[in-house]
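Everything below concerns the one structure shown next.
All of the numbers you see were taken from the coordinates with simple rules; none came from a lab. Note that the structure is a prediction, hence the values are computed from the model and not measured. Cβ atoms come from the backbone with ideal geometry, glycine included; neighbour counts cover every protein chain shown.
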Amino acid sequence: MAMHANAQTADTTINGNIAIIKDSRLNELAKKEMEFNESMASNTKATRGYRLKLLSTNDRDLAMKVRTKLLQQFPEQKVYMSFQPPYIQLKFGNFLDKEAAESYKNRITQLKLITTNIYLVSELVETKPEKNKDKENDN
C-alpha cells in the first residue's frame, strides 16, 4: 500500500475534477493506426475459392526449400505453410476458379517444383476488391 500512495501520475485533481495531461502525438498515432486498420480491412476479403495442396511432409528442410522456390518463381501468389502434427503442409495460391488453379498446377508440374501429387482443395481464399473491380470493368 505504501508504494501505491507514493506513486506519482500525470493526472491532477482540481475541485473534484480530474484533468488528464497527455501528449498530443498520441491522438495522431491513434488516427494513423485506425487508418491503417481500415485500409487492411477493406483491401482483403475472404471468399470461397481454391488452393493447391502441394506438400504434406515431416521434412522441414524440404518444405522450406519448396516454399522458397515457389515464392521465387511465382511472387504474385502466396504460399501458406502450416504445421499439423506431425506434418508440415504447404498450400499455394488464392484462386477464385478451378481453371486458374489448374493452370498454376500445370506450371508447377512442368517446372518439377513438386514431384508428388498436387491436390486442388476448396477453401476460403483471400481476394482484393481491386481485382474484382477490374474483372467487372472488362465485361
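Tabulated values for the structure
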read-out: Long pairs among LYS32/LYS65; LYS91/LYS112; LYS69/LYS98; LYS31/LYS78; LYS22/LYS45; LYS45/LYS65, criterion Cα-Cα beyond 26 Å; value: LYS32/LYS65; LYS31/LYS78; LYS22/LYS45; LYS45/LYS65
read-out: Rough spin-label spacing in nm, given labels placed 7 Å along Cα→Cβ, for SER39 and VAL121; value: 3.2 nm
read-out: Most positive-pole-ward Cα, LEU71, PRO85, SER103, against dipole of segment 45-138 from beta carbon charges; value: PRO85
read-out: FRET efficiency, SER82 to ALA19 (Cβ-Cβ, R0 41 Å, nearest 0.05); value: 0.20
read-out: Stokes-Einstein D (µm²/s) once Rh is taken as the Kirkwood radius of segment 45-138 over alpha-carbon pairs, at 4 °C in 1.567 mPa s; value: 93 µm²/s
read-out: Computed lengthening from THR47 to LEU26, 0.36 nm per intervening residue step minus Cα-Cα distance; value: 4.0 nm
